[in-house]
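Since the structure comes first, as structure tokens, the remarks are kept for the end.
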Amino acid sequence: MKRPAFANWLSDTNDITQTFLSAGQISGLINMAGGLPDPSTWPVSDLSDLAAAAVAQHPHEALAYAPIEGLPVLRDLIAQRFSVHGMRLTRENVLITTGGMQALDLIGKVLLEPGSLIAAQSPAYLGALDAWRPRQPIYRPMRLEANDFDPVTALTGVQFAYTVPNFSNPSGRLVSLAERQALVEAAHVTGTWLVEDDPYGTLYYDSAPLPRMLTLSAQRDEGLYDGPVIYMGTLSKELAPGLRIGWVVAAPNMITTLVTAKQGSDMSTSGLSQRIAHDSFASGLTDHVLPNILSLYRARRDALCAAMKAHLDDLFDWQVPSGGMFVWATARDASMNTDHLLREALFQGVCITPSSVFDPEGQNRRSIRINFTLNDPDKLAEGIRRLTVAARATIAKPQ
């Protein structure tokens, strides 16, 4: 029986993503590909108590349909949490989303037409590229570290600019204060929306956090925030990903527009998860668990980089990230194809992510992203040993 064809955008996907997502079925595999938190950091007992209390004490909020824009108590708390001197936020500035990924999807729905132009920090987060793929946008890469990078030129004529300033996924790069200020200035000059995706903003290991671009933008105005920055956050790295709680902080008219799009997406985010999120913030649980998360991940970052120094120093170049969840390594041999390396690595029992999936044009095939938060130091060291075997085998094979 002949049936209608699937949508055209599905032909523009890649098989690399499916390869590393299905790799978890391989027995004995060391997974260093995903951006996964360590389950030992989840405060299981505390969350269990909060869930029980939410149902018992707030059954309507927890179990009924929630407002599309989110529970008022959680929106108020997020507004208070992100308000600083010189920036006033209210619930009108806040939308609660079903994880950070829904926020990306909603932004695509309200800002993109087929063929729209996006200025994206390069390399770019795979999840964002996947979220916007059905809209078939065109990308203008932003290499913020380049000496000739001009933010005004980069933001002129685009629907929005996309950045992950705190320990970018995939590169692990921390965007400097001067670069943040320049991007915010360019957004105000050009009138372009500036998306600040911040899933790793609490994961600073070596220094105090830099000001958010949202905060820098607000310093130019008075009163309720109405600027061009669209700030996105999530509880996935700060508490537990299974709660599926994220948020958008932006100008009220942007929030209203995103609510319209969310209405046709999931109608509402889980009220139970929202209530748990609210009570986790209000009780200080998120602040309580953070020091342990930072200590654990800092040690694992150091263990990974030490193993890389011992085994991969002659094959790859990388920088030690000062936060986040990833190390970005680039092969010294220009002939290295890390799509091929992935398949060789899987044969050796380790999984990493090749750079091609972070490039909208699929041209960058020389780098890899390595996660250090999921595995303990011994597994990280063994994973790098296996990766080294795979890398040398890949170089030895004719391409």
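Nothing in this text is a laboratory measurement; each read-out follows from the coordinates by a stated rule. Just so it is clear, the structure is predicted and the values come from calculations on it, not from any experiment. Cβ placement follows ideal geometry from the backbone for every residue including glycine, while neighbour counts extend to all protein chains displayed.
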Practice problem: Name the residue farthest towards the positive end of the dipole of segment 185-247 from the options LEU214, TRP247, PRO228, assuming +1 on Cβ of Lys and Arg, -1 on Cβ of Asp and Glu, about the Cα centre. | Solution: TRP247
Quiz item: Extension gain ALA396-ASN292, at 0.36 nm per residue separation less the Cα-Cα distance, in nm?
Solution: 33.2 nm
Quiz prompt | Under 22 Å from the Cα of LYS379 - lysines, other chains or at least 8 residues apart | solution = LYS237, LYS309
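Once you have a ≥ b ≥ c as the square roots of the Cα gyration tensor eigenvalues for segment 75-178, tell me rounded if a/c is under 1.5, and otherwise prolate or oblate according to whether a/b is larger than b/c. Provide the component values of the computation, followed by the final result.
Numbers: a/c = 1.78, a/b = 1.25, b/c = 1.42.
Verdict is oblate for segment 75-178.
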Quiz item: Once every DSSP H run of n ≥ 4 in the chain is given -39500 (n - 2.57) and the sum is divided by its residues, what mean residue ellipticity at 222 nm do you get, rounded to the nearest 500 deg cm²/dmol?
Solution: -13000 deg cm²/dmol
Self-check item: Segment SER176-SER207, length gained on full extension (0.36 nm per residue, minus Cα span)
Solution: 9.9 nm
Quiz item: Longest exposed-loop-site-free stretch of the chain, with chymotrypsin sites (Phe, Trp or Tyr not before Pro), DSSP loop and at most 12 other Cβ within 10 Å?
Solution: 66-399
Quiz item: So which aspartates and glutamates pass the test for LYS262, namely a Cα distance under 16 Å, with those fewer than 8 places away in the same chain ruled out?
Solution: GLU69, GLU92, ASP105
Exercise. Please list the radius of gyration and Dmax for segment 44-285, considering alpha-carbon atoms only, with Å as the unit.
Key: 17.6, 58
Practice problem: Treat the count of other C-beta atoms within 10 Å as a stand-in for reagent exposure and order SER322, SER335, SER367 from fewest to most. | Solution: SER335, SER322, SER367
